[in-house]
Structure formats: structure tokens, C-alpha cells
Amino acid sequence: MRTDRASRRDWKELYQSAMLETDLAKVPQRITEANRAILDRIEELLTNPTQGEHRALDIALRRLRVLHNNSSAKQKSA
């Protein structure tokens with residue numbers, strides 16, 4: 001079982017990897033991994049809430065959605 005601290009680090013690292021990825025071919029996979037980690041963390045928070053992390057998760061999901069939309073448009077135009 002992952003610790004609370006490890007869970008927080010995992011989703012943040014995966015989110016940052018997705019946001020900083022420069023290879024358009026890798027962006028969709030990075031987004032999928034980050035989304036999955038964020039949603040897993042949200043599920044964990046339902047039983048063990050952490051102050052302030054809810055907002056960070058919400059912001060991360062919104063930004064990943066924007067990144068997905070932007071990368072999809074770039075791939076279609078390439």
C-alpha cells in the first residue's frame with residue numbers, strides 16, 4: 001500500500017511530466033498516466049482528506065484537459 005506522502009508525490013510528478021513533455025507523440029500517454037494518478041488520489045482523499053490538496057488536484061485536472069485539447073489540435077494540423 002502506498003503512503004499518503006507517496007501518493008501526493010506520484011500524481012504531482014506525473015502531472016509535471018505531462019505538462020513539460022515536448023514530444024507530441026508522448027503527450028497523450030503522459031496525460032493518461034497523470035489523469036489516472038490524480039483520480040486515484042481523489043479516491044484516496046474521500047477516506048483521508050488532506051487540507052488544500054483538493055484544489056491542487058482540481059487545477060491539475062483542468063490544466064491537463066487544456067493540454068490534451070491543445071496537443072490534439074497540434075497533432076491534427078501536423
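Judged by the mean number of other Cβ atoms found within 10 Å, the most tightly packed of the peptides 41-47, 28-34 leads the ranking 28-34, 41-47. The value given for the chain is a Kirkwood hydrodynamic radius of 13.0 Å, derived from the mean inverse Cα-Cα separation. Within the straight-line cut-off of under 27 Å between alpha carbons, the lysines reachable from residue 12 are 26, 74, sequence neighbours fewer than 8 places apart in one chain being disregarded. Annotation for residue 63 and residue 23: the two label points, set 7 Å from Cα along the Cα-Cβ direction, are 2.2 nm apart. Taken about its Cα centre, the chain carries a charge dipole of roughly 260 debye when the Cβ of each Lys and Arg holds +1 and the Cβ of each Asp and Glu holds -1.
The residue among 54, 29, 71 whose Cα reaches farthest toward the positive pole of the charge dipole of segment 4-77, with charges on the beta-carbon of Lys, Arg, Asp and Glu, is 71.
Here, each number is a calculation from the coordinates, and none is a lab measurement. None of the values given here were measured: they were computed from a predicted structure. A quick note on method: Cβ atoms are made from the backbone with ideal geometry, for glycine too, and the neighbour counts reach across all protein chains shown.
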